[in-house]
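Accompanying notes for the structure given below.
The values are calculated or read from the model by the stated rules, or taken from the named source; none is laboratory data. Here the structure is a predicted model, which means the values were calculated and not measured. Cβ atoms come from the backbone with ideal geometry, glycine included; neighbour counts cover every protein chain shown. Quick note on the areas: whole protein, heavy atoms, side chains included, nothing else; ligands and nucleic acids left out. Shrake-Rupley method; radii C 1.70, N 1.55, O 1.52, S 1.80 Å.
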Amino acid sequence: MNITPAHLDALQALGYTKTEARFLYLVATHSGYFTARQFLSFTGAHWGKRTTTFWSKLQSRGHARTECFPKRGVVYHLFSRRLYRQIEKENLRNRRDHEFDFIQRRIAMLDFVLLNQGYQYLETEAEKFQYFCETLSIGKQFLPANLYLSRKTPVPAIRYFVDKFPMYLTPSWPVVTFTYIHEGAPGFTDFIRHLNRYLPLFRQLREFRLVYASRTDLHYPKATEIFHSFVKIPLESDITEDLLRYFRVRKSWEEKRYREVDEGDLTFRNQVRGRFSGDRFEGLYRSWKNGHISDSAIRHEIGINDLKHTVSFDTFVLHPIGVAHADSAMPA
């Protein structure tokens with residue numbers, strides 16, 4: 001975990017112990033929200049004076065407030081601008097108010113980080129941008145981005161990696177690991193949308209890993225199938241052979257030679273259509289269809305520029321830490 005001593009000192013200067021400061025840093029950086037069970041588990045504390053003192057400090061200094069949800073218990077929101085300023089993260093959106101679904105996922109993200117503290121996290125948008133664009137020399141046009149309009153300026157702001165899912169490197173394996181935290185709705189629409197947002201970046205990486213974290217392992221078979229279909233198989237397969245197969249299926253379909261196309265071909269065509277869109281591929285297709293360029297010429301044109309990808313996918317059971325403790329309010 002890459003927490004600088006200066007940031008811990010800054011939080012301790014506000015009156016918190018070293019352990020409390022470390023916990024508050026993780027909350028502010030990765031979530032903005034926390035529960036009593038998470039604090040108790042992290043500190044190894046029990047209900048009593050220590051928890052009462054901690055909450056009293058948060059409340060009296062105006063650093064956090066409670067939010068109560070029926071049947072969900074009490075959630076603590078770390079919202080103080082001054083506290084975030086102490087760790088040079090004043091502009092993080094974690095301190096702003098959010099809807100319950102957002103909060104629920106942030107609590108799950110904090111669980112993941114607390115259960116995996118041995119990694120070097122890319123904590124902020126700026127750190128992620130620097131890693132991919134400067135360290136790996138990847139163009140910013142490949143990063144997952146969102147546009148935001150502001151009343152203060154007519155120029156929209158571009159924000160990168162707005163999902164804020166944990167992203168990290170490990171000391172023994174300097175390859176970036178992405179995560180997806182499945183929390184809330186049982187479906188996979190959001191997961192597919194997430195993969196599509198990240199595909200342009202994935203295509204620029206020679207090697208990477210994605211960890212799919214969920215409260216239950218019931219999601220894992222389908223999640224694995226989706227990841228392999230949308231990411232692993234397309235990236236690790238031979239792009240030139242995929243392109244030529246796409247050309248053959250497309251030509252047969254356009255020429256209404258339907259007997260030459262089976263269900264697998266149509267599924268393949270739909271999966272790779274977006275991958276092979278754009279003027280370059282359209283030009284190659286027209287030339288190939290009209291007999292002006294051969295299969296071998298396409299292999300020479302495309303194959304020599306293709307990255308060899310190594311893609312890993314893992315799952316992680318997101319057990320709520322300190323689950324033995326109820327998510328009720330700390331004693332006042």
Charged-residue dipole, Cβ positions (Lys, Arg, Asp, Glu), the chain about Cα centre, Debye nearest 20:
1060
Just to confirm the filter: which GluC sites (Glu not before Pro) across region 66-127 are DSSP coil and have at most 11 other Cβ within 10 angstrom of their Cβ?
Glu99
Positive-end extreme of charge dipole, the chain - chosen from Phe247, Leu110, Leu199 (charges on Cβ)
Leu110
Do the alpha carbons of any pairs in Lys164/Lys308; Lys89/Lys128; Lys89/Lys232 sit beyond 24 Å of each other, and which pairs?
Lys164/Lys308; Lys89/Lys232
Could you tell me whether region 243-296 comes out rounded, prolate or oblate from its Cα gyration tensor? Rule is a ≥ b ≥ c as square roots of the eigenvalues, rounded for a/c under 1.5, then prolate if a/b exceeds b/c, otherwise oblate.
oblate
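Counting only protein heavy atoms, what percent of the accessible surface of the chain is carbon or sulfur at a 1.4 Å probe?
Working: 8770 of 17000 Å².
Heavy-atom surface of the chain belonging to carbon and sulfur, 1.4 Å probe: 52 percent.
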Accessible-area ranking of Thr135, Thr315, Thr35, largest first, probe 1.4 Å:
Thr135, Thr315, Thr35
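Can you pull the percent of Cα pairs in region 62-108 with separation above 15 Å?
44
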With only helices counted (DSSP H, runs n ≥ 4, each -39500 (n - 2.57)), the per-residue ellipticity at 222 nm for the chain, to the nearest 500, works out to -12500 deg cm²/dmol
The chain: relative contact order in percent, alpha carbon pairs under 8 Å with at least 6 residues between:
22
Leaving out same-chain residues fewer than 8 places away, which lysines sit with a Cα under 21 Å from that of Lys256?
Lys289
Can you compute the charge dipole magnitude of region 1-142 about its Cα centre, using +1 on each Lys and Arg Cβ and -1 on each Asp and Glu Cβ, nothing else charged? Give it in debye, rounded to the nearest 20.
540
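Is the chain best put as rounded, prolate or oblate by its Cα gyration tensor, with a ≥ b ≥ c the root eigenvalues, rounded for a/c under 1.5, and otherwise prolate when a/b is larger than b/c, oblate when not? The partial results should precede the final answer.
Numbers: a/c = 2.66, a/b = 2.23, b/c = 1.19.
Verdict is prolate for the chain.
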